[in-house]
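Taking it in order: structure first as structure tokens, then the write-up.
Values quoted throughout were computed directly from the atomic coordinates according to the rules given, and no laboratory measurement underlies them. For clarity, every value in this text was computed on a predicted model and none was experimentally measured. Cβ coordinates were reconstructed from backbone atoms using ideal geometry, including for glycine residues, and neighbour counts include every protein chain displayed.
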Amino acid sequence: MLRLLLASFTVLGLLCATDTKTGLATYVTNDDVQATLKRAPENSVSDQQIRVVDVGKYNVCVGVVYRSAKAAQAAVEHDQVTEVYTIMEGSGTLVTGGSLVNPKRREASHRSVAELNGPSVDGTGLQNGESRRVGPGDVVVIPAGVGHFFSAIDGSIRYLVVRVDPDKVVPLK
């Protein structure tokens with residue numbers, strides 16, 4: 001797991017290096033990640049932002065997600081934010097692409113819009129998307145505008161999420 005986190009932070013570092021003006025790095029430790037994951041309620045979906053950093057031309061967000069198979073899973077498509085998932089624990093089937101089923105725009109006051117990934121559209125699923133099994137060590141890049149959701153989860157899944165926010169719609173943290 002440590003290798004997965006290091007790989008994710010290396011990618012994050014490369015992204016930041018291109019635009020940072022301060023010359024300072026932002027560190028998110030494994031202790032930060034684990035402490036955040038411990039706050040996730042059991043049998044839920046919990047998406048928690050750890051840091052949001054202004055690196056010049058865009059913001060980079062680092063968070064963790066815990067998903068239980070017992071919780072309802074919804075499809076989503078983010079207008080402006082690209083997400084990079086690094087699966088830390090667990091496995092499931094991730095569906096990406098296609099068209100949202102029963103799309104409904106999230107309200108601007110919705111916590112996810114205000115704190116996590118900006119303007120987004122929810123759906124009950126995806127039609128004609130690509131289904132892939134994912135597990136520990138897998139990395140998935142989901143560009144802005146691409147729908148995604150877990151159609152199946154084997155017990156629970158935990159993953160690091162790095163969000164690239166070129167329009168700075170997510171507040172700094």
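Observations on the structure shown:
- All positions within region 157-173 that are within 21 Å of Gly123 (Cα to Cα) and in contact with a Gly (Cβ under 6 Å, 6 or more places away or on another chain): Ile157, Val161
- Counting the residues of region 85-105 that are over 19 Å from Ser151 (Cβ atoms) and surrounded by 19 or more Cβ atoms within 10 Å (Cβ to Cβ) gives 2.
- Scanning region 66-80 for residues that are surrounded by 19 or more Cβ atoms within 10 Å (Cβ to Cβ), out of contact with any helix residue (DSSP H, G or I) (no Cβ under 9 Å at 6 or more places or on another chain) and either among the hydrophobic types (A, V, I, L, M, F, W, C) or under 20 Å from Ala114 (Cβ atoms) (or both) turns up Ala75, Glu77.
- With a requirement of 3 or more residues that are of a type outside the set (A, V, I, L, M, F, W, C), the strands (runs of 3 or more DSSP E) lying completely within region 42-108 that satisfy it span 45-54, 59-68, 82-96.
- Residue check, Ala25 part of a helix (DSSP H, G or I) and more than 14 Å from Leu160 (Cβ to Cβ): no
- Residue pairs whose Cβ atoms lie under 9 Å apart, separated by 6 or more positions or on different chains, with the first residue in region 150-172 and over 18 Å from Met88 (Cβ atoms) and the second in a loop (DSSP other than H, G, I, E, B) and among the β-branched types (Val, Ile, Thr), are Val164/Val81; Asp165/Val81; Pro166/Val81; Asp167/Val81; Val169/Val81; Val170/Val81.
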